[in-house]
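Q: One structure, pasted below without further comment.
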Amino acid sequence: MTSEQQSPTTPAIPPARTAPAPPPARTSAPARTSPAPAVPAARTAPAPARPERFTELLATVIHLLREVGYDRLTIDTVAARARVSKATIYRHWPGKPELVAAALHERHVDRRIPADTGSLRGDLLEMLRVTAAICTADSDLIQALTLAMRTAPELEKLIRHQVMPAGRVLSAAVIVRAAARGEIPPEAGERDLFHDLAPAMVMSRILSHGLPADDTFLTHLVDQVLLPVLRYRAG
């Protein structure tokens, strides 16, 4: 890994040191201008690491997880498929667990605040529709990673401490907004039961029972379970 990380910067070193040698004997201008080409070269070397390139790279990780699973996925394979150097990958992620966690975060955690429908009930339905769509599209991936987490403690730790909490921030935004409207008590946003219950019931419906999480099911879940939990006031 050390040799790979040095390779992108090596080509820029010779021009920066050798170019100034001839000019000083004549004028100072060439001595000052000759190093200029070497500086952009050194700075533009990490060009493949632009944000859009990262998106493609992390999408490649997801595709490979589907194809070969976590155990057989390697940094070499990811680099070859994504057409980036291993040095580029290691420059941003220490190893496979961190890379996989980043790919899952990119795919499953929406960076936008959930749409404001004007009511808590509407917001919950929209949030659950997104959760159901993810579980349906990625059921095989979720099941494979659930098994991988049992044998890869580093991956398990990253998913539990980075990916899952990021998703909780979004569900918290929905209920904090509802509390501001006066639809639920202010302390509802702090209830762990809600954050665990909502995705768990959707995942159980799809992954464990093999049934669709359609609007009929989601409406029952919101009306009969989630809203009563959020509106509950301790005596």
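The values are calculated or read from the model by the stated rules, or taken from the named source; none is laboratory data. Since the model is a prediction, treat every value here as computed from it, not as a measurement. Positions of Cβ are backbone-derived with ideal geometry, glycine not excepted, and every protein chain shown enters the neighbour counts. When the accessible area is computed, the model is the full protein with side chains, heavy atoms only, and any ligands, DNA or RNA have been set aside. Shrake-Rupley method; radii C 1.70, N 1.55, O 1.52, S 1.80 Å.
Q: Looking only at residues that are out of contact with any helix residue (DSSP H, G or I) (no Cβ under 7 Å at 6 or more places or on another chain) and not in a helix (DSSP H, G or I) in the stretch 110-163, which one is nearest to residue 231 (Cα to Cα)?
A: Here the answer is 119.
Q: Continuing with this model, one more query. For the stretch 128-144, enumerate the residues that are touching a Leu at 6+ places or on another chain (Cβ under 9 Å) and among the small types (Gly, Ala, Ser).
A: Scanning the stretch 128-144 gives 132, 139, 144.
Q: Quick one: is residue 101 at pLDDT below 95, part of a helix (DSSP H, G or I) and open to solvent by less than 10 Å² (accessible area, probe 1.4 Å)?
A: Values: at pLDDT below 95: yes; part of a helix (DSSP H, G or I): yes; open to solvent by less than 10 Å² (accessible area, probe 1.4 Å): yes.
In short, yes.
Conditions (1) part of a helix (DSSP H, G or I); (2) modelled with pLDDT under 95; (3) open to solvent by less than 40 Å² (accessible area, probe 1.4 Å), marked per residue:
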{"residue": "11", "(1), (2), (3)": "yes, yes, no"}
{"residue": "30", "(1), (2), (3)": "yes, yes, no"}
{"residue": "35", "(1), (2), (3)": "no, yes, yes"}
{"residue": "40", "(1), (2), (3)": "yes, yes, no"}
{"residue": "43", "(1), (2), (3)": "yes, yes, no"}
{"residue": "55", "(1), (2), (3)": "yes, yes, no"}
{"residue": "60", "(1), (2), (3)": "yes, no, yes"}
{"residue": "76", "(1), (2), (3)": "yes, no, no"}
{"residue": "88", "(1), (2), (3)": "yes, yes, yes"}
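Q: Please work out which residue is least open to solvent (accessible area, probe 1.4 Å), limiting yourself to the stretch 197-235 and to residues that are in a loop (DSSP other than H, G, I, E, B) and of a type in the set (D, E, K, R).
A: First, the residues of the stretch 197-235 that are in a loop (DSSP other than H, G, I, E, B): 209-214, 232-235.
Narrowing the set further to residues that are of a type in the set (D, E, K, R) leaves 214, 233.
Details: 214: 67, 233: 151 Å².
So, considering only residues that are in a loop (DSSP other than H, G, I, E, B) and of a type in the set (D, E, K, R), the one least open to solvent (accessible area, probe 1.4 Å) is 214.
Q: OK, next. Would you pick out the residues in the stretch 73-117 that are among the small types (Gly, Ala, Ser), under 28 Å from residue 130 (Cβ atoms) and out of contact with any Gly (no Cβ under 9 Å at 6 or more places or on another chain)? Give the steps one after another, and end with the answer.
A: Residues of the stretch 73-117 that are among the small types (Gly, Ala, Ser), as a first pass: 79-80, 82, 85, 87, 95, 101-103, 115.
Still in the running and under 28 Å from residue 130 (Cβ atoms): 82, 101-103, 115.
82, 101, 102, 103 - these are the residues of the stretch 73-117 that are among the small types (Gly, Ala, Ser), under 28 Å from residue 130 (Cβ atoms) and out of contact with any Gly (no Cβ under 9 Å at 6 or more places or on another chain).
Q: Restricting the stretch 107-153 to residues that are hydroxyl-bearing (Ser, Thr, Tyr) and surrounded by fewer than 17 Cβ atoms within 10 Å (Cβ to Cβ), which is farthest from residue 96 (Cα to Cα)?
A: Taking the stretch 107-153 as the starting set, the residues that turn out to be hydroxyl-bearing (Ser, Thr, Tyr) are 117, 119, 131, 136, 139, 146, 151.
Subsequent filtering for residues that are surrounded by fewer than 17 Cβ atoms within 10 Å (Cβ to Cβ) retains 117, 119, 136, 139, 146, 151.
Values: 117: 39, 119: 42, 136: 25, 139: 22, 146: 16, 151: 14 Å.
Once the filter is applied, the top-ranked residue is 119.
For (1) within 15 Å of the chain's Cα centre (by Cα); (2) under 14 Å from residue 171 (Cβ atoms); (3) touching a residue at least 24 places away in the same chain (Cβ under 8 Å), each residue gets a yes or a no:
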position	(1), (2), (3)
91	no, no, yes
102	yes, no, yes
106	yes, no, yes
109	yes, yes, yes
122	no, no, no
128	no, yes, yes
135	no, no, yes
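Q: Let me ask something else. Could you tell me whether any residue of the stretch 202-222 is farther than 15 Å from residue 132 by Cα, out of contact with any strand residue (DSSP E or B) (no Cβ under 6 Å at 6 or more places or on another chain) and touching a residue at least 24 places away in the same chain (Cβ under 8 Å)?
A: To start, the set of residues in the stretch 202-222 that are farther than 15 Å from residue 132 by Cα comprises none.
No, the stretch 202-222 has no match at all.
Q: Counting just the residues of the stretch 167-196 that are open to solvent by 40 Å² or more (accessible area, probe 1.4 Å), assigned to a helix (DSSP H, G or I) and under 15 Å from residue 229 (Cα atoms), which one comes out modelled with the highest pLDDT? Steps first, answer last, please.
A: We begin by selecting, within the stretch 167-196, every residue open to solvent by 40 Å² or more (accessible area, probe 1.4 Å); these are 168-169, 176-177, 180-183, 186-187, 190-193, 196.
Among the residues that remain, those that are also assigned to a helix (DSSP H, G or I) are: 168-169, 176-177, 180-181, 186-187, 190, 192-193, 196.
Checking which are under 15 Å from residue 229 (Cα atoms) leaves us with 176, 186-187, 190, 192-193, 196.
Details: 176: 88, 186: 81, 187: 75, 190: 59, 192: 75, 193: 82, 196: 85.
Checked the stretch 167-196; the qualifying residue modelled with the highest pLDDT is 176.
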